[in-house]
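The values are calculated or read from the model by the stated rules, or taken from the named source; none is laboratory data. If you're wondering where the values come from, they're calculated on a predicted model, not measured in any experiment. Cβ coordinates were reconstructed from backbone atoms using ideal geometry, including for glycine residues, and neighbour counts include every protein chain displayed. Side chains are part of the model used for accessible areas, which takes the heavy atoms of the whole protein and leaves out ligands, DNA and RNA. Shrake-Rupley method; radii C 1.70, N 1.55, O 1.52, S 1.80 Å.
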Amino acid sequence: MKKKILIISGGISKERIISLDTGKQVAKELRKHHHSVKIVEPNFQLLDTIKSFKPNIIFNALHGRFGEDGYVQSIFENQKIRYTHSGVLSSATAMDKILSKEIFIKNNILTPHFIKYDFKKISKNKKIKKIEKKLNFPVVIKPVSEGSSVDVFICAKKNFIKNLNKLVKYKEVVIEQYIGGREIQVAILGKKKLGAIELRPKRKFYDYKAKYSSKAKTKH
């Protein structure tokens, strides 16, 4: 059955370029099946576009903050329109790494040990001593709410402060125990297993460039 589908892509997160590519590819596939498709940005005209286009469903092709953290989902909920993606609460929870890890711990799900670092409250030198006591080096540092391995670093003691300073624009970050190993992704839709794939990056780890740049030559 032909449907009117509004694809939302782009946005203002650091994953904007990838989101635009996602939107174009989704539109291409949907048009093959003769659906009526419109691609838009999540800008100030979004509500007017929804009301004028009157889609059967919204395909959320946004990546990162404001697209995967429950923000835009709350707008769709308010408009009482169906959309692809998890709901508001699950999106917000999954995007917050600290909150997610606290839920894992409460439910006895294994997750690397971690420390929350607030740039305004704790000096970097004090943090190094705490890391050596609780986690040991190397460690992984990352923003609390970003996707696609944006601003993620694996740090030895000698380059920890240098990399931490790169994240000063964030209010707080996660400092996590480093556990090396294979990178395997498994897709599940409902109770159906869609398959698994191993990623073998040429880079130090499966970072943003390894994910999206063909020049990185990641093996799938």
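Could you look through the range 173-201, keep only residues that are in a strand (DSSP E or B) and in contact (Cβ under 8 Å) with a residue 24 or more places away in the chain, and pick out the one that is farthest from D96 (Cα to Cα)? So that I can check it myself, show each step before the final result.
Step one: list which residues in the range 173-201 are in a strand (DSSP E or B), which gives 173-177, 183-189, 192-200.
If we keep only those that are in contact (Cβ under 8 Å) with a residue 24 or more places away in the chain as well, we get 173-177.
Working: V173: 11, V174: 10, I175: 14, E176: 14, Q177: 17 Å.
Checked the range 173-201; the qualifying residue farthest from D96 (Cα to Cα) is Q177.
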**Request:** Please determine, by comparing only the residues of the range 151-166 that are crowded, with 16+ Cβ neighbours inside 10 Å and farther than 18 Å from R203 by Cα, which one is nearest to the chain's Cα centre (by Cα).
**Result:** L164
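Got a sec? Which of K97, K129 is in contact (Cβ under 8 Å) with a residue 24 or more places away in the chain and among the charged types (D, E, K, R)? Let's see the steps before the verdict.
Working: K129 fails: in contact (Cβ under 8 Å) with a residue 24 or more places away in the chain.
After ruling out the rest, the residue left standing is K97.
Scanning for something of a type outside the set (A, V, I, L, M, F, W, C) and open to solvent by less than 40 Å² (accessible area, probe 1.4 Å), does the range 182-191 turn up at least one residue? If you could, list the steps in order and put the result at the bottom.
Step one: of the range 182-191, the residues of a type outside the set (A, V, I, L, M, F, W, C) are 182-183, 185, 190-191.
Now drop any that are not open to solvent by less than 40 Å² (accessible area, probe 1.4 Å), which leaves none.
Scanning the range 182-191, I find no residue that is of a type outside the set (A, V, I, L, M, F, W, C) and open to solvent by less than 40 Å² (accessible area, probe 1.4 Å), so the answer is no.
Could you say which residue among K120, K169, K204 is open to solvent by 90 Å² or more (accessible area, probe 1.4 Å) and free of Cβ contacts under 8 Å to residues at least 40 places away in the same chain?
On the way: K120 fails: free of Cβ contacts under 8 Å to residues at least 40 places away in the same chain; K204 fails: free of Cβ contacts under 8 Å to residues at least 40 places away in the same chain.
Criteria check complete, one pass: K169.
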**Prompt:** Among the numbered criteria (1) without any contact (Cβ under 8 Å) to a residue 60 or more places away in the chain; (2) open to solvent by 30 Å² or more (accessible area, probe 1.4 Å); (3) closer than 30 Å to A61 by Cβ, which single criterion is violated by P138?
**Reply:** (3)
**Asked** For the subset of the range 13-56 comprising residues that are more than 30 Å from K211 (Cα to Cα) and assigned to a loop (DSSP other than H, G, I, E, B), which member is least open to solvent (accessible area, probe 1.4 Å)?
**Response** P55
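Given the options E77, E146, name the one that is touching a Gly at 6+ places or on another chain (Cβ under 8 Å) and crowded, with 18+ Cβ neighbours inside 10 Å. Quick ask: steps written out before the conclusion?
Values: E77 fails: crowded, with 18+ Cβ neighbours inside 10 Å.
Of the residues listed, the single one that is touching a Gly at 6+ places or on another chain (Cβ under 8 Å) and crowded, with 18+ Cβ neighbours inside 10 Å is E146.
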**Request:** Filter the range 80-100 down to residues that are under 20 Å from D48 (Cα atoms) and either open to solvent by 50 Å² or more (accessible area, probe 1.4 Å) or in a helix (DSSP H, G or I) (or both), then give me how many there are.
**Result:** 2
**Asked** Which one is farthest from Y117 (Cα to Cα) among residues in the range 145-172 that are in a helix (DSSP H, G or I) and charged (D, E, K, R)?
**Response** K158
**Request:** Would you mind stating whether K142 is part of a helix (DSSP H, G or I) and either modelled with pLDDT of 90 or more or of a type outside the set (S, T, Y) (or both)?
**Result:** no
